[in-house]
Amino acid sequence: RLQESRERLSVCSKLCYAVGGAPYQITGCALGFFLQIYLLDVAQLDPFSASIILFVGRAWDAVTDPMVGFFISKTSWTRFGRLMPWIIFSTPFAVISYFLIWFVPDISRGQVMWYLVFYCIFQTLVTCFHVPYSALTMFISREQSERDSATAYRMTVEVLGTVLGTAIQGQIVGKVVTPCIESPLFIGKTNSSVAMEELNTTHDTGSLTDTRNAYMIAAGVIGGLYILCAVILSVGVREKRESSELQSDEPVSFFQGLKLVMNHGAYIKLIAGFLFTSLAFMLLEGNFALFCTYTLGFRNEFQNILLAIMLSATLTIPFWQWFLTRFGKKTAVYVGISSAIPFLIMVAVLDSNLIVTYIVAVAAGISVAAAFLLPWSMLPDVIDDFKLQHPESHGHEAIFFSFYVFFTKFTSGVSLGISTLSLDFAGYQTRGCSQPSEVNFTLKMLVSAVPVGLILLGLLLFKLYPIDEEKRRKNKKALQDLR
C-alpha cells in the first residue's frame with residue numbers, strides 16, 4: 001500500500017501530462033480534415049499532385065516513427081530525462097514548418113515540392129515530439145491503474161485537441177468563403193439535393209487571397225497553442241527512470257529488441273485489429289470536408305459539422321473510460337467502434353438534410369471517442385505482458401509505440417493517396433462549385449462503404465487478441481512480484 005501510494009500521480013501531474021497530447025492532435029486534425037481541400041481548392045494543385053503530397057508525406061511520417069524510436073533507445077539519460085529533451089528541442093522547429101505548410105508561395109513552379117518538403121519536415125519534427133511523449137506513459141508510474149487514469153486524462157485532452165483543431169481551423173477559415181468556378185458541363189449531373197443556384201452563391205463572394213490569409217492566421221494560432229502545451233508538459237511532468245525498470249534489467253540492442261517486439265503475439269494482434277479500424281476513421285477524416293462540401297452540398301456548414309463530431313467525442317471519453325473499467329477493454333472495443341457502422345451507412349443512404357447530418361455527426365462522435373481511447377489504453381497492457389515474458393530486456397517502450405504508429409500511418413498514407421487518385425479518375429474539378437456525379441459517388445464510397453468494411457474486418461481480427469481482464473490482473477500481480 002505504501003508503494004502504491006508513492007506511485008500515485010496528482011491530478012495536476014496527470015493534467016500536465018495530458019496537455020502534452022494536444023499539439024499532435026490539434027495539428028493532425030487540422031491537416032487531416034483540411035489539407036486535402038486546401039491543396040485542391042486554395043493552393044490549386046491538381047488531384048494527382050495532391051495525392052503525391054498526401055501519400056509521400058504520410059509514408060515519410062510513418063518511416064520516421066521507428067527511426068525516432070531507434071534514436072530514443074540510444075539516448076542517454078539526462079537530468080531532464082531521456083524523452084523530455086526530444087520534446088523540448090523539436091517544438092520551435094515544428095511550429096515554423098507547420099506554418100509554412102499553410103503558406104502559398106508566389107512561384108510559378110515548384111509548389112508541389114514546397115508542400116512536399118515542409119509537410120515531410122513537419123511530420124519528422126512532430127514525430128520527435130509524439131513518439132517520446134507516447135512512450136512517456138511507461139515512465140510516469142509503475143502502477144497500471146495510474147497509467148490507465150493518466151491515459152484517460154490524456155485521451156480527453158487529445159480529443160479536446162481535435163475539437164480545438166477543428167474549431168480554430170474551421171471557424172477562422174469558414175469566415176471567408178472560398179470562391180469557386182462553375183462549369184456548365186456539370187450542371188444537372190450532380191446528385192446533391194441542394195439547388196445549383198444555392199451552391200453558386202459563393203461564386204463571387206470573397207477572394208482567394210482572403211482565404212489564403214485565413215489559413216495562415218489559423219496556422220499561427222495553432223502554432224502558439226503547440227508551444228504553450230509543450231511548455232506545460234516539460235514543466236509539470238517528471239520522468240521517472242525507475243518506473244519501467246525491473247530488478248533483472250539488462251540492456252538489449254535496438255535490433256534485438258525489435259525482433260523480440262515483432263515476435264510478441266499480443267502486440268501483433270493488437271496492431272492487426274486497430275490497423276483496420278484506424279484506417280476507417282482516417283479515410284472518413286481525410287474525405288469528410290469534400291463530402292460535406294460537394295456531395296451533401298453544405299459548403300458553408302462543413303466546419304460546424306466537423307465540430308459537432310469532435311465535441312461529441314470529447315464529452316463521451318469519460319463514459320468510455322468508465323465502460324472499459326466496468327466491462328473490460330475488449331468489450332469496449334466491440335461496442336464502441338461498431339456503433340459507428342449504422343451512422344456511416346445512414347449518412348450515405350439518406351437524402352441530404354442538414355438536421356439529419358448533425359444528428360449523425362453527434363452519434364458518430366461517440367464511436368470516434370472509443371477509437372481514440374482504446375488503442376492507447378491497451379498498448380501498456382501489451383508492454384507489461386512483454387516484460388513478463390522477457391524480464392531481461394528493457395528500454396523498448398519507444399519501439400512498441402513507434403511501430404504501432406508506423407503501421408497505422410503508412411497504411412493511412414496509402415489509403416489517402418489512393419482516395420485522392422480515385423477523385424482524379426472520377427473527374428474532380430479544382431475549385432468547382434459542384435462536381436460530376438461520379439465524384440459524388442466516389443466520396444460516398446470513401447466515407448461510408450469502405451470505412452464500414454474496414455471496421456468489420458478489424459473487429460473480426462480483434463477476436464484473436466489474447467489479453468482480457470483476467471490476464472491483465474494476473475500480469476499486474478506478476479510484475480509486482482518481479483519488481
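For LEU228 and SER207, the difference between the fully extended length at 0.36 nm per residue and the C-alpha to C-alpha distance is 4.3 nm. Between MET262 and TYR334, residue separation times 0.36 nm minus the direct Cα-Cα distance comes to 23.4 nm. Multiplying each eigenvalue of the alpha-carbon gyration tensor of region 253-482 by 5 and taking the square root yields semi-axes of 38, 20, 13 Å, largest first, rounded to whole angstroms.
Placing a pseudo-label 7 Å from each Cα along the Cα-to-Cβ vector at MET113 and SER10 gives an inter-label distance of 5.3 nm. Peptides 222-229, 78-85 ranked from most to least packed by the mean count of surrounding Cβ atoms within 10 Å: 222-229, 78-85. A Cβ-based charge dipole, computed about the Cα centre of the chain with Lys and Arg at +1 and Asp and Glu at -1, lands at about 1300 debye. Between MET67 and ILE181, what FRET efficiency comes out of the Förster formula 1/(1 + (r/R0)^6) with R0 = 45 Å and r the beta carbon distance, rounded to 0.05? FRET efficiency, ILE181 to MET67: 0.60. Extension gain, ARG79 to TRP322, is 83.8 nm, computed as 0.36 nm per intervening residue step minus the present C-alpha separation. Rounded to the nearest 10 degrees, the angle from helix 329-338 to the longest Cα principal axis of the chain is 0 degrees. Relative to the longest principal axis of the C-alpha atoms of the chain, give the angle of the C-alpha long axis of helix 144-174, reported between 0 and 90° and rounded to the nearest 10°. Helix 144-174 and the main axis of the chain meet at about 20 degrees.
Each label was represented as a point 7 Å from its Cα along the Cα-to-Cβ direction; for ASP106 and ASP481 these points are 7.2 nm apart.
Shape summary: the chain maps onto an equivalent ellipsoid whose semi-axes, from the alpha-carbon gyration tensor, are 40, 24, 19 Å in decreasing order.
Values in this text are rule-based calculations from the coordinates and carry no lab data. For clarity, every value in this text was computed on a predicted model and none was experimentally measured. Cβ coordinates were reconstructed from backbone atoms using ideal geometry, including for glycine residues, and neighbour counts include every protein chain displayed.
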